[in-house]
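Q: Below you will find the structure I want to go over with you.
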Amino acid sequence: MQLKFDWLIVLENLRRGLMVTDVQLEAPSGPRIVYANRAWFKMTGYDRSEVTGKTPRILQGPHTDRKLLRRLKEELLNRRVFHGQTWNYRKNGEPFLMNWFCYPIYGERGKPTYYVAEQEDVTEVETLRMREALLRDPGDPTATAFFAVLAEYKASRKK
Ligand SMILES: Cc1cc2nc3c(=O)[nH]c(=O)nc-3n(C[C@H](O)[C@H](O)[C@H](O)COP(=O)(O)O)c2cc1C
C-alpha cells in the first residue's frame, strides 16, 4: 500500500521559514521569490501576494551586512551551502536577526533549478546571549552594536 503524502501541507507547517527563489541572482529583479511558507510570512509580516516575484532584498535595510551578502553570492555561484546571520527588516520596519542556510536545489542533468533558504528569527536568543556578554564586559562592542540597532528602531517609533 502506498501512503498518501501531501508535501505542501508539510512545507506550510514547518516551524522554520522556508523561501525558494529562481536561480537568477542578478539585481535588480533577481533572485525572484517563487514560494515562501507560512512561518516565513509570520516572521516577515508580508502577505503571499506581496512577495511572489519580488526579491529577498525587500528584507534588507541600513544594518544589513553587505559583506555577508557578497559571501552568499559567492557560495551560491560555487554551489556551496551558505550559512549566516544579519539584520533584516519586517514589513513594518522592525529589525530582526535573520539566521539562514541557503543552497541550490538541483534538477535533472545536475543544473541548479532553485535556491532554497531555511530561515529563522534568532533575535530573542541573541538578546539573551548579548545581555550575558554585557554582564561579563559592559563595553562589549558586538553586544553594544546589537542593542543600538534595537534602540534606534524604538526611538524612531516614538517620533
Ligand atoms: C533563496 C535566497 C534567499 C535569500 N534570503 C535573503 C534574506 O532573507 N535576507 C537577505 O538580506 N538577503 C537574502 N537573499 C540575498 C539577496 O536576494 C541577494 O542575493 C543579495 O542581496 C546579494 O545580491 P546583491 O549584492 O545584488 O544585493 C537571499 C537570496 C536567495 C537566493
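The values are calculated or read from the model by the stated rules, or taken from the named source; none is laboratory data. What you see is a predicted model; the values in this text were computed from it and never measured. Positions of Cβ are backbone-derived with ideal geometry, glycine not excepted, and every protein chain shown enters the neighbour counts.
Q: Filter the range 1-30 for residues that are surrounded by 11 or more Cβ atoms within 10 Å (Cβ to Cβ) and assigned to a loop (DSSP other than H, G, I, E, B); which is farthest from the ligand (Cβ to nearest atom)? If you could, list the steps in order and put the result at the bottom.
A: To start, the set of residues in the range 1-30 that are surrounded by 11 or more Cβ atoms within 10 Å (Cβ to Cβ) comprises 11-12, 14, 16-25, 29-30.
With the extra rule that they be assigned to a loop (DSSP other than H, G, I, E, B), the set shrinks to 14, 16, 22-25, 29-30.
Numbers: Leu14: 15, Arg16: 12, Asp22: 8, Val23: 8, Gln24: 9, Leu25: 5, Ser29: 10, Gly30: 8 Å.
Restricting to residues being surrounded by 11 or more Cβ atoms within 10 Å (Cβ to Cβ) and assigned to a loop (DSSP other than H, G, I, E, B), the top hit is Leu14.
Q: Using the structure shown, decide if Gly84 is modelled with pLDDT of 95 or more, assigned by TED's automatic domain parsing to the domain that holds Met19, within 15 Å of His63 (Cα to Cα) and within 14 Å of the ligand (Cβ to nearest atom). Even if it seems obvious, please write down each step before you answer.
A: Details: modelled with pLDDT of 95 or more: yes; assigned by TED's automatic domain parsing to the domain that holds Met19: yes; within 15 Å of His63 (Cα to Cα): yes; within 14 Å of the ligand (Cβ to nearest atom): yes.
Taking the combined requirement at face value, the residue satisfies it.
Q: Is the range 145-152 home to any residue that is in contact with a His (Cβ under 7 Å, 6 or more places away or on another chain), under 28 Å from Phe41 (Cβ atoms) and away from the ligand (no atom under 14 Å from the Cβ)? Don't jump to the end; show me each part of the working.
A: Residues of the range 145-152 that are in contact with a His (Cβ under 7 Å, 6 or more places away or on another chain), as a first pass: 149.
Going one step further and asking which of them are under 28 Å from Phe41 (Cβ atoms), we end up with 149.
Going one step further and asking which of them are away from the ligand (no atom under 14 Å from the Cβ), we end up with 149.
Yes, that holds for at least one residue.
Q: Would you mind telling me which numbered condition in (1) surrounded by 16 or more Cβ atoms within 10 Å (Cβ to Cβ); (2) within 10 Å of the ligand (Cβ to nearest atom); (3) closer than 24 Å to Thr123 by Cβ; (4) aliphatic (A, V, I, L, M) Val51 fails?
A: Evaluating Val51 over (1) surrounded by 16 or more Cβ atoms within 10 Å (Cβ to Cβ); (2) within 10 Å of the ligand (Cβ to nearest atom); (3) closer than 24 Å to Thr123 by Cβ; (4) aliphatic (A, V, I, L, M) leaves (2) as the failure.
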